[in-house]
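Colleague: Sharing a structure below in structure tokens format, with a few things to ask.
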Amino acid sequence: MINTKGTRFTWMEFSGSLGDLGLFIPLVAAMTVACDLNIGAVLILAGVMNVVTGLMFRQPIPVQPMKAIAAVVITESLLPFEMVAAGIIMGVLLIILSGYIDRINETIPKAVVRGIQMGVGLKLVLKGISWVRALPLLGWDSVVFALVVAVVLWFLLSRNIPALLYVFIAGFIVLYFKQPEAYASVTFGWPVFSFDWPRPSEWVNGFYKGALAQLPVTVLNSVIAVCALSAQYFPNEKISPKRMALSVGLMNIFCVPLGGIPTCHGAGGLAAQYRFGARTGGSVIMLGFLKIVAGLLFGAALIVLLQNYPMAILGPMLIFAGVELAKSARDVLVETKGLVIVIVSAAAILGVNTAVGFLAGSLTAFIFYLNERKLK
């Protein structure tokens, strides 16, 4: 049942909604470049999910790209239909598992999830660095300019300013000076929605490369952790983990086949939006309409412009997004077991891929478990 009671549409709510763009913008922009997505469709579908989420939960619950799948798309060349398969599989699994969330939470070691977040974050950092290293030393799109962008981002973010939005917009100004002919080729066009259905091999790769590593992260961070944080911020309006899992599952089943990206909710996004002033569902509803308008009016233009977007800006943005994600592992690094599991998981992700990182971390956690039982 939709209830808009207590929902506010104020400048403070709108300001708060921008707090989650720090990961949304660089990941969506990088996925668009890497996977040739229709950015108009991506923005509109994400916006619709923002509006629905705001109406259903009446809290500033974010709609974010699934980090592990996004990292595989950006760094491991996950193909478009494999990404679609991964998103649909995640949706189906979350709906099936929604009634067992608490039991799953007790089964999956927290250190394994943190290891995945660490490895995925570091992989994004390395990808951003590789983009910057490929640039010339001087110019509008250069190594020196990328260093300037990094300093500006660090300065603004250290003062709790949603800097990535401003830097992202500034990138289009830089593009005008660097490559004005890119704007000459911009034409108006409606977003393209297409019903994509993967082939059998793409289902297998989508599960192994994307969904396998994403599932524990989503269960713990996008369901369990976000519900716990929501209860802390809004003790009189608690959201059940089952309801949150169903929300994530349905988002992906309905949106990913139509041209959207795999999305989830997240504790980090909720914390960021709350920190910048979001207190009701009105914040994400306004953000949702902003994404819808941007997708309708500028979708076709953004596709052309993102193909030529300055890597001196996109690279540092991706680096900061990766660092923010990797920082999630800090809470388990204080004990030896957590430190070892995180290192093994992250090393396997960096050395092989995300799925192997999840398996290696899980095996390491199981070895610790057997050793602890033997000592009892």
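We did not get these values from a lab; they are worked out from the coordinates using the rules stated. Since we're looking at a predicted model, the values are computed, not measured. Please note: Cβ atoms are built from the backbone with ideal geometry, for glycine as well, and neighbour counts cover all protein chains shown.
Colleague: Using Cβ counts within 10 Å as a stand-in for footprinting exposure, how do T32, T10, T187, T218 rank, fewest first?
Modeller: T187, T10, T32, T218
Colleague: I'd like to know which of I261, L215, W190 lies farthest towards the positive end of the charge dipole of segment 183-262, counting +1 on Cβ of Lys and Arg and -1 on Cβ of Asp and Glu.
Modeller: About the Cα centre, the residue reaching furthest to the positive side is L215.
Colleague: Same structure, new question: Counting only residues 5 or more places away or on other chains, whose amide H sits under 5 Å from the amide H of C264 once H atoms are built in the peptide plane?
Modeller: Q64, M66
Colleague: Okay, next question. Short version: what are the Cα gyration tensor semi-axes of segment 285-349, square root of 5 times each eigenvalue, largest first, in whole Å? Present the calculation step by step, with values, prior to reporting the outcome.
Modeller: Details: eigenvalues 276, 55, 18 Å².
The answer is 37, 17, 9 Å, longest axis first.
Colleague: Run the reach check for K178 against lysines, Cα to Cα strictly under 21 Å, same-chain hits fewer than 8 apart removed. What comes back?
Modeller: Correct list for K178: empty, as no lysines qualify.
Colleague: Identify all lysines with a Cα-Cα distance to K209 below 19 Å; exclude those on the same chain that are fewer than 8 residues away in sequence.
Modeller: K67, K123, K127
Colleague: Now, a different point. Go through Q117, S77, I95 and say which Cα lies farthest out towards the positive end of the charge dipole of segment 38-131; charges sit on Cβ, +1 for Lys and Arg, -1 for Asp and Glu.
Modeller: It is Q117, whose Cα lies furthest towards the positive end.
Colleague: Enumerate the calculated ³J(HN,Hα) couplings along segment 202-216 in order (Karplus 6.51 cos²θ - 1.76 cosθ + 1.60, θ = phi - 60°), each rounded to whole Hz, writing x wherever the residue is Gly or Pro.
Modeller: 6, 5, 5, 5, x, 5, 5, 7, x, 5, 4, 7, 6, 4, x
Colleague: Can you run phi through the Karplus equation (6.51, -1.76, 1.60; θ = phi - 60°) for segment 69-77 and list ³J(HN,Hα) in whole Hz, with x for Gly and Pro?
Modeller: Once rounded to whole Hz, the list reads 5, 4, 5, 5, 4, 6, 9, 10, 6.
Colleague: Tally Lys and Arg at +1 and Asp and Glu at -1 over the other residues with C-beta under 14 Å from the C-beta of M244: what net charge comes out?
Modeller: Around M244, the charge tally is +2.
Colleague: Compute for segment 75-182: radius of gyration divided by Kirkwood radius, i.e. Rg/Rh, restricted to C-alpha atoms, rounded to two decimals. It would help to have the intermediate numbers written out before the result.
Modeller: Numbers: Rg = 19.8 Å, Rh = 17.9 Å.
Checking Rg against Rh, the ratio lands at 1.11.
Colleague: A further question on this structure: I'd like the Karplus ³J(HN,Hα) series for segment 363-370: coefficients 6.51, -1.76, 1.60, θ = phi - 60°, whole numbers in Hz, and an x wherever there's a Gly or Pro.
Modeller: Taking θ as phi minus 60°, the curve returns 5, 5, 5, 5, 5, 4, 4, 5 Hz for segment 363-370.
Colleague: Excluding residues on the same chain fewer than 8 positions from K337, give the lysines whose Cα lies under 19 Å from its Cα.
Modeller: K110, K327, K374, K376
Colleague: Can you tell me the dipole magnitude for the chain around its Cα centre, using point charges on the Cβ only (Lys, Arg +1; Asp, Glu -1), in Debye to the nearest 20?
Modeller: Charge dipole of the chain: 920 debye, to the nearest 20.
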